[in-house]
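Here is the structure we will look at.
Just so it is clear, none of the values below were taken in a lab; they were calculated from the coordinates. Just so it is clear, the structure is predicted and the values come from calculations on it, not from any experiment. Note: ideal-geometry Cβ built from the backbone for every residue, glycine included; neighbour counts use all protein chains shown.
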Amino acid sequence: MSLKRTTAFIALFLAFCPFPASAQKHKFIHYGMENGMSSNTIFKILQDKDGLMWFGTNDGLTRFDGTTLKTWRNTPSDSRSLGNNSIYSLKEDRNGTLYIGTENGLYAFDKNEELFTEILTTKSLPEAEMNSLSNILVRSLDLDKKNRLWIATLGQGLLRYDIETGRLVRFSKGKDNKYGIDSDYITSVLCDERGRTWCTNASQNIYLYDDDKNMFSRIHIYDERAKAEGNAAFSLCEDYQGNIWIGGWGNGLFRYDKTSGSFTNYRLTSDNGSKLYTGRIHTVTEVEPGIISYGCDNGIVNFDTRTGRCENIRYEPNTNRSITDNFIYDIVKDQEGGIWVATYFGGVNYTNKSSSLFNFSMTDTTGKKGRVISKFCEDPGKKLWIGTDDGGLFLYDMASEICKEKIVDRNIPNLNIHALLKDGDGLWVGTYSKGLYYLDTKSGETKHWPKFNSDKDGTDASVYALFKDINGRLWIGTKTGITIKEGDDFRETLDLGFNSDVIDIRGDIQGNIWIASISSGLMKYSPKTGTIGKPSTKGVIPDKILAIEIVRDIIWIGTAGNGLIRYDTNTGIITPISSKDILSSDQTVYNIISENDNLWVSSNSGLVRYNTQTQKAKLFGTGDGLSANALNYNSGVLTSDGVVFLGTNGGFNYFRPDEIPTNSIAPRLYLSDVDYSESETEARGLLAEARKTGQMHIRTGHKPLRLTFSVLSYIAPHKNRYKWKIDDGEWNEYDYRGNEIILTGLKRGEHTILVSGCNNDGVWSAEIPTVVKVKPYFYNSTGAIIVYSIILLSLVLLFARILWVYQKERKANKAERIRRDRDRVRLETELELFTDIAKGIRTPVMLINGPVDEILAEKGLSDRARKNAAIIKNSSDKLHVITHEILDFLHNSIESLRSDVGDVSMPMKGEYRNIAAEIEKTAKKSAADTVLQDTNTVKRREISIMIIDPDAQMREFLSLALSRHYQDIHTEENAEKAKQTLDNGERIDLIISDAAVGIDLCGELRNEERFCHIPVILLSSSDNLSLKVSGIGKGADIFLEKPVEIEYLITRINGILDKRKMIWDSFSKRPYAPLRSTVQGKGDEQFLQQISEIVSVRFTDMDFSVDDLAEQMHLSRSVLFERTKEACGMTPNNFIKEMRLRKAASLLAEQKYKVNEICYMVGFNTPSYFAKCFFRQFGVLPKDFVG
């Protein structure tokens, strides 16, 4: 056969056959258990009217929408589940109901409700009609023109199910074979385009049904010309001319011409003439007009009925994307022209016309060298020079697809090649660090220039680009700039510095030469001026350039990190190119190849086809057949016959751009799932409702509602896109992962959701509306709102009535409340006045009792005077008791008054005045009649006491009474004057104050270091507990109620003073007692502790004196003396001496030093004086202390 005729045949075959001619170029996508398929054993494939793919497996029914596999299986507890998991046949009726033929029965599947209905099982047939088999295996299904479903079973004959009436008719062999069928093992059933029904029963016959006679006629399968007889007919199909094709076991294919009634047998052979072993033919289908594909036990056989040529596609162990299994059970062509293949062990395989367009090859099939492809250069005669990074130079024959190694330098066979240029019969080869080579392609002789004259450092040159201008000069792009070879001379024309890497040199139609550098950007050589420099631009061209392509006056620039740039050399305008998610300004562009109006741009995202006219881009990657998404930079070429070659790190890809098809079929959009968190049952109901009517009904305040849509385009599902909007909102567009719409918080009313999807070539589907009707619950409906309004109106009227009654009663009660409030205020005022009077009685009572007690204590008093004083004393005591009773009564009355005014009978103001006047008269008379005599029989203590009281008589009485016992008595009428006296330096040992003025003063004294040590006694006419707590809390030592007995008061004063002296005496006798145990207040403790610390540091200083201590304490000598005396009852000298003796006792207890040593250690001049002081302090000599 001539080459021309062979080429014509291949072109014709490729036009009709979905599989490429070369076996190694068939690329399949696999869907198996690792992808979510229920099983790898697939018996049947069906694409329904919606475009969904359905797979019948031996473990359930699986649906595929391009991204998600969903499987239905038998659930014993669910009567609406699939009855049997082994599925052998599938068929869809006119209404979209899916019929599933299983190992034991037939089931109908409502795709909207996703529920199964039992159609045919052993229960459906009377037991008398059942054969000995216990099951009904449905092998094949088909639908005739009358919407009747024909059911082929293995063992129970052929059945017909009327979908409209539900009537089931059985055609079996029976005893009399009245239906004309010789066997009940029906292997296949076919309803042709003319409405006639055909079937096979694994015999040498096919059967045709006569509807009028209600029986089948038998047709013997026999080719008269070839003398070939059919055997075990197993599968049927009808071609585009109406012929019936029969696949059997062992005898190949038979075609039945319905017009002539003749059979033709085809025993197929491969291209080399050898017979194709097929075994059993499980399925026969016409994938293109005139192209019959059948699946057998030896893979897929594609038979061209017009040429007689065929090919066998089989599993190839060393091919990544070959078909996965040779046992083929079904072949189906989908609406986009893709081919789906069901295998017994390898799951589902899918291919399409785009899957095999990108081819892959390697320079060395062993993969040992030449894997990294760096450069291509076309040679006449359909050959291609290939330079590699790791294996030197190769020559690829594009016709035979054979690649041979070409040795350039026998000393360095694995050259690192970065530049190639065909020049007549020669080939220029630029290498990394090995300079420049010239190869005579005819003789094989080479010349080598390892370095150029311009190399200053003497190292071998690295060549990255080569270009020959119209003057015959060779432009060499090196690592540092440009070198020009003219004749045998090399001259450096442009020095850009080390690592500039000139990666490309191109010429334009005007004779200019453009130079691209990986670090110095784009430069231009003008032959008019003979200079090289940066071009004039309106914008910035990045310095990092990896590729350039010149198309007329436009230079396309590929950059590292700045994307693809268009440079108009006429206008100087710089335009960054972007196209949605495919091309962006932050990408790296490695290659640019111009092909008609398209640019083929390899980037870090994959291979992009960019149309310069429409400015539309399409991305290709490994999912489309490329071996890798990452392609080597500046490593690509478009050959003269239109093939693009692209280099990778593992070989090279090649394809014909003009053969890449456009998927112009608008995809279908399918609502594949609804997820509603209210309940699974409700979600299923919403899904069914939406699929049937395009509507969904939900309630206000609903939980999130998720709608999942699927674009049913399978060519490149990862390139499908979605867009949707709700009502009049903006469109939201997403990639294949954004197929979910989540609705939350929809308001009451109707909401229209428009959804559309596009396929891999940007063809959008029709906009599918889904109406979501949001209805309120009953409690939020219109009727409920009317009821609520009536109830609310009734409540308003009732409230108005209640408010009117309330206001009426309120007005009536207001006058009564005003009267009661007036009485309350009057009674409270009177009670408070009487309480103040009663409290005021206590002071006169004390003024009476005090002098009387003094009189009764006098010796030599006459009996008459003593009796009169006793009478006064008794009367005063009774008055005191009466005062307490009055105060108790007033307290209870006030508490009662606070809760309710009531009828409280109280004395009037006139009575108060009479009582007060009488008490005051009695007190004054008693004081006037009492004469106090001062006797010097009582020894007075050297104590200074301050009396503070607003009442002058009380001050006078207390001063007079206490002056007999204490040496100095000071009186002040208020706290301010008392504080002034203290600030003036007056020494005060104890303060007696009325609580009304003394509580705050007590708090101030306790906060001042100078006065915090002074004891304070508070006197009060009130017995209020909170007042007592406040006084003690402020720091008072004693709180007494008036009247108080003078003797008791003196006793309490002496107790305070004696206790302090007793503590210091005890401290002096106990050498180990802590200092804080001797003080009464925090201020004294801090003061003495400060002195103690100073003394402890100066123990050994015998000259340490009071003046030194005063200086370190920052006090005058007098203030130090007074403060020390008040705090501890000792002078500063005595305190220092006592601290020295206590330290001595501590050292003696350690038994480390002698007595004389300790004497000097604690600051004593002589041991004798030390022993004398120690004995006086502790009652024992130092030498006897330890013992």
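Relative to the current alpha-carbon distance between residue 368 and residue 859, full extension at 0.36 nm per residue lengthens the span by 162.8 nm.
Relative to the longest principal axis of the Cα atoms of the chain, the long axis of helix 680-693 lies at roughly 50 degrees. Rounded to the nearest 0.05, the FRET efficiency derived from the C-beta distance between residue 573 and residue 604 at R0 = 25 Å is 0.45. Using the Cα coordinates of the chain, the gyration tensor eigenvalues translate into equivalent-ellipsoid semi-axes of 116, 56, 31 Å, sorted from longest to shortest. Summarising the amide proton neighbourhood of residue 88: residues at separation of 5 or more, or on other chains, whose placed amide H is nearer than 5 Å comprise 101, 102, 103.
The protection proxy used here, the mean number of other Cβ atoms lying within 10 Å of each residue, ranks peptides 442-452, 198-208, 221-231 as follows, highest first: 198-208, 221-231, 442-452.
Which entries in 111/145; 353/382; 382/616; 406/618 show an alpha-carbon gap greater than 29 Å? In this structure, 382/616; 406/618 lie more than 29 Å apart at Cα.
Across every pair of non-identical alpha carbons in the stretch 668-776, the mean reciprocal distance, once inverted, gives a Kirkwood radius of 14.2 Å. If the chain linking residue 585 and residue 445 were pulled fully straight, counting 0.36 nm for each residue of separation and taking away their Cα-Cα distance, it would gain 45.7 nm.
The phi-based Karplus calculation (6.51 cos²θ - 1.76 cosθ + 1.60; θ = phi - 60°) puts the 3J(HN,Hα) values of the stretch 752-764 at 9, 9, 9, 10, 9, x, 10, 8, 5, 9, x, 8, 8 Hz, whole numbers, x for Gly and Pro. Stretched out straight at 0.36 nm per residue, the stretch from residue 1058 to residue 981 would grow longer than its current Cα-Cα span by 25.2 nm.
Relative contact order for the chain: 4 percent, from Cα pairs under 8 Å spaced at least 6 residues apart, divided by residue count. Residue pairs exceeding 26 angstrom between C-alpha atoms, taken from 977/1125; 375/528; 383/447; 369/719: 375/528; 369/719.
Applying both filters, DSSP loop and at most 14 other Cβ atoms within 10 Å, to the chymotrypsin sites (Phe, Trp or Tyr not before Pro) of the stretch 277-316 gives 277. Here the chain is assigned +1 on the Cβ of each Lys and Arg and -1 on the Cβ of each Asp and Glu. Its dipole about the Cα centre then comes out at about 660 debye.
In order along the stretch 694-708, phi translates into HN-Hα couplings of x, 10, 9, 10, 10, 9, 5, x, 5, 7, x, 10, 10, 10, 10 Hz, rounded to whole numbers, per the Karplus curve 6.51 cos²θ - 1.76 cosθ + 1.60 with θ = phi - 60° and x for Gly and Pro. For the stretch 424-658, the alpha-carbon radius of gyration amounts to 1.03 times the rule-of-thumb value 2.2 N^0.38 Å expected for a compact globular protein. Helix 952-962 and the long axis of the chain differ in direction by around 70°, with both axes built from C-alpha atoms. 3J(HN,Hα) along the stretch 423-430: 9, x, 8, x, 9, 7, 10, x Hz, from the Karplus curve 6.51 cos²θ - 1.76 cosθ + 1.60 with θ = phi - 60°, whole Hz, x for Gly and Pro. Measuring nothing but alpha carbons in the stretch 371-453 and taking Rh as the Kirkwood radius, the Rg to Rh ratio lands at 0.94. If you take all other residues with their beta carbon under 15 Å from the beta carbon of residue 229, and give Lys and Arg +1 and Asp and Glu -1, the sum is +3. Measuring max minus min along each principal axis, the C-alpha atoms of the stretch 300-437 give extents of 60, 33, 25 Å (largest first). Where only DSSP H runs of four or more residues are counted, the chain gives -8500 deg cm²/dmol as its mean residue ellipticity at 222 nm, each run worth -39500 (n - 2.57). From most to least packed by mean Cβ count within 10 Å, the peptides 524-537, 382-395 give 382-395, 524-537.
Can you give me the angle between helix 1046-1069 and the longest principal axis of the chain, using Cα atoms only, in degrees from 0 to 90, rounded to the nearest 10? With rounding to tens, the tilt is 70 degrees. All distinct Cα pairs of the stretch 934-1063 go into the 1/r average, and the inverse of that average, the Kirkwood radius, is 14.8 Å.
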